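Notes for the one structure printed next.
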Amino acid sequence: MAYRGCRRRSYRSYSYSRSSYYAPISQSVVLRQKASNEAMKFVRQAFFSLDYARLERYFSQYGREHGSSSASYARKTYPSWKCGAVGMSGQTATRILKIVPGILSRQDQLKLLEIYIPLLQQSLAEKFRESLGNKVIPALELNIFYQKAEALAKQVSLPVDWFVKGVFTDEELAHFQEIIRFLLIQRLDRSFKNVVSDLIELHNACRGKPLQIELNYRISALGAQVELETAQGVQNLTYTPSYEIDQSKVTEDIRGMLLRHVADSLIQDEANQRLASGMQNIALNELATTLGSIERANNPNAEAQSTLRIEAKGGTAVLEINKISIASLRQSISAARLKQTVLVIVAVCVAILIFNLLDSKKGGLVILTLFVGLPIGGSLWYSWKGEAESKQKQIDSYELAQRKVFAKK
Amino acid sequence: MSSPNEKSSQKNELSLGGQRFQITDPLSLLSVLPEEDRKKIVVDYAAKSLDVETELKQKIQKSQLAGFEMDSFIDRTNQDSQGKLNLSGEFETGTGKVKISTRTVQSTSIVTVLVIIGAILVLIAIVTH
């Protein structure tokens, strides 16, 4: 609804400093703010749609809390607020709307709570990612990590605003929070199974390939990275969530609302799971195509590098695939060793020459040869030695990476 | 190596108001909901399933196209038997993207080295005589 009439401009001065530090806003805070804004909008609309009886109840309640003069001002200004001729400032709006949730019908109160629940759920999921997202987990400690995430889900607070605090009892709020945690832990369970499935499938797809493959896998639900050289042993990991809900004392209307939310949430999760399974199949196909393409590059002196990013079932995998020309490297090593041998032969010949020159008293030439020849010979020797060693190291790490399936980062 | 069997969690029951629900079958929860809610959830479920199918079909098409492009890229690389071209390509796949680059490594010719050895030995022979 647009505001008409005089819009009061409040003069605020902003000072922007180019060197000031910008701290990114946490996504979970953003989601909680969004929940508050949506709830505020709902309460505001409900306020302006109150029937006569509820409106009278509202003004009586308002009078009891803020005095009769404030109540009569509110009663007089209500039509102007409703049509938008007069705006409500922040503090006034909060004071006026605070009483509204308690006046609403039970159905509307539940609708208000339903605005909160999905956003609180997302906010909690984001909190996971913020707390756990910069961790790097060894693949064989996945189950321990998920247990820690579950412990976090059980402890983290789920603050609700004044919109719902005064309307529902502490027990009812505890029921809602239990459901949110329960659903989140179910998602953890599903995420664990998906991640294990991804790691095993990626391992099987890359095993035995004559390539150096580096894998960077990030879990979608938690944001954390998994480190692995091989997925051997991952299939034996188990994680069983231990969060039960047993809410025997729930009122009928709350029960209906919770069941509706649970059914909706689980059905969404099932659809997402079907999508995730489909994505995994497509991703593995793309990986096989890429590996096949690189192997097909059959020029013996050709090297190929590829970076492949795929969305699998439980997370995102980035694979760095390298094909190096072992034949070229071995040739380079042989050439370096040969150059070192030639250098030795030349050094011996020069030594014989110097010995002959010493007899003929050409001392100057001898000294010059030694001062110039030794440093040059020495640096060439070490340079070729280093070249051969580094190329041998490259071959060794390439062959090790193939044996382990994934290269160490 | 095979994927672990999906054992159903022993804790997948939800107890609300004295009634227990198996949550491994979400659609079974619908039987206790009022008809209006049931209809809405079923319609949402059908719409979401259709969305999933459509999305997967699009991704498969994109994936196939990327596969053809990668094949022709590698064919061009293989045709370059002289090793004069250093090629690179980027392809959008169904689930992400792929970057491939190839380069040819110049290896030291053994013949060159042997020629150098021969020349040095000849030089030394001349100097010492």
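The values are calculated or read from the model by the stated rules, or taken from the named source; none is laboratory data. Just so it is clear, the structure is predicted and the values come from calculations on it, not from any experiment. FYI the Cβ positions are ideal-geometry reconstructions off the backbone, even for glycines, and counts take in every protein chain you see.
For segment A:263-309, how many residues are more than 7 Å from chain B (Cβ to nearest Cβ), among the hydrophobic types (A, V, I, L, M, F, W, C) and more than 30 Å from A:Lys323 (Cβ to Cβ)? So the count comes out to 1.
Selection over segment A:122-160 of residues that are assigned to a helix (DSSP H, G or I) and farther than 20 Å from A:Arg190 by Cβ gives a count of 3. A single entry from B:Thr77, B:Thr102, B:Thr54, B:Thr24 fulfils the requirement of being modelled with pLDDT under 85 and assigned to a helix (DSSP H, G or I): B:Thr77. Restricting A:Val342, A:Val262, A:Val350 to those that are within 30 Å of A:Phe176 (Cβ to Cβ) and either outside any loop (DSSP other than H, G, I, E, B) or at pLDDT below 90 (or both) reduces the list to A:Val262. Contact map, segment A:344-355: first residue within 7 Å of chain B (Cβ to nearest Cβ), second residue modelled with pLDDT under 75 and assigned to a helix (DSSP H, G or I), Cβ cut-off under 7 Å, separation 6 or more or different chains; pairs are A:Val346/B:Ile120; A:Cys349/B:Ile124; A:Ile352/B:Thr128; A:Leu353/B:Val127; A:Leu353/B:Thr128. Residues in segment A:375-401 that are over 15 Å from A:Leu338 (Cα atoms), in contact (Cβ under 8 Å) with a residue 24 or more places away in the chain and over 41 Å from the mean Cα position of the chain (by Cα): none.
Exactly one residue among A:Leu228, A:Leu202, A:Leu222 is within 12 Å of chain B (Cβ to nearest Cβ), aliphatic (A, V, I, L, M) and surrounded by 21 or more Cβ atoms within 10 Å (Cβ to Cβ), and that residue is A:Leu202. Pairing each residue of segment A:237-254 that is within 7 Å of another protein chain (Cβ to nearest Cβ) with any residue that is of a type in the set (S, T, N, Q), provided the two are 6+ apart or on different chains, yields C-beta distances under 7 Å for A:Thr240/B:Ser9; A:Thr240/B:Gln10; A:Pro241/B:Ser9; A:Ile245/B:Ser15; A:Asp246/B:Ser15; A:Gln247/B:Ser15; A:Ser248/B:Ser15.
Selection of segment B:83-99 for residues being facing chain A (nearest Cβ under 7 Å), modelled with pLDDT of 70 or more and in a loop (DSSP other than H, G, I, E, B) yields B:Thr93, B:Gly94, B:Thr95, B:Gly96.
Just one of (1) modelled with pLDDT of 85 or more; (2) exposed (fewer than 15 other Cβ atoms within 10 Å of the Cβ) fails for A:Gln155. It is (1). When segment A:95-113 is filtered for residues that are in a helix (DSSP H, G or I) and either among the small types (Gly, Ala, Ser) or modelled with pLDDT under 80 (or both), only A:Gly102 remains. Please determine, by comparing only the residues of segment A:316-339 that are among the β-branched types (Val, Ile, Thr) and assigned to a strand (DSSP E or B), which one is surrounded by the most Cβ atoms within 10 Å (Cβ to Cβ). Looking at residues that are among the β-branched types (Val, Ile, Thr) and assigned to a strand (DSSP E or B), I get A:Ile321. For beta carbons closer than 8 Å, sequence separation of 6+ or different chains, a first residue in segment B:64-89 that is under 23 Å from A:Ile282 (Cα atoms) and a second that is assigned to a loop (DSSP other than H, G, I, E, B) and at pLDDT 85 or above, the qualifying pairs are B:Ala66/B:Thr93; B:Ala66/B:Gly94. Residue check: A:Thr169 meets all listed conditions (1) at the interface with another protein chain (Cβ under 9 Å from one of its Cβ atoms); (2) without any contact (Cβ under 8 Å) to a residue 12 or more places away in the chain but one, namely (1).
Would you confirm whether any residue within segment A:158-171 is polar (S, T, N, Q) and surrounded by 22 or more Cβ atoms within 10 Å (Cβ to Cβ)? For segment A:158-171, residues polar (S, T, N, Q) and surrounded by 22 or more Cβ atoms within 10 Å (Cβ to Cβ): absent. When residues in segment A:233-259 are screened for being surrounded by fewer than 16 Cβ atoms within 10 Å (Cβ to Cβ) and in a loop (DSSP other than H, G, I, E, B), 8 of them pass. Only residues that are among the acidic types (Asp, Glu) and either closer than 12 Å to A:Asp264 by Cα or surrounded by 12 or more Cβ atoms within 10 Å (Cβ to Cβ) (or both) were counted across segment B:29-52, and they come to 3.
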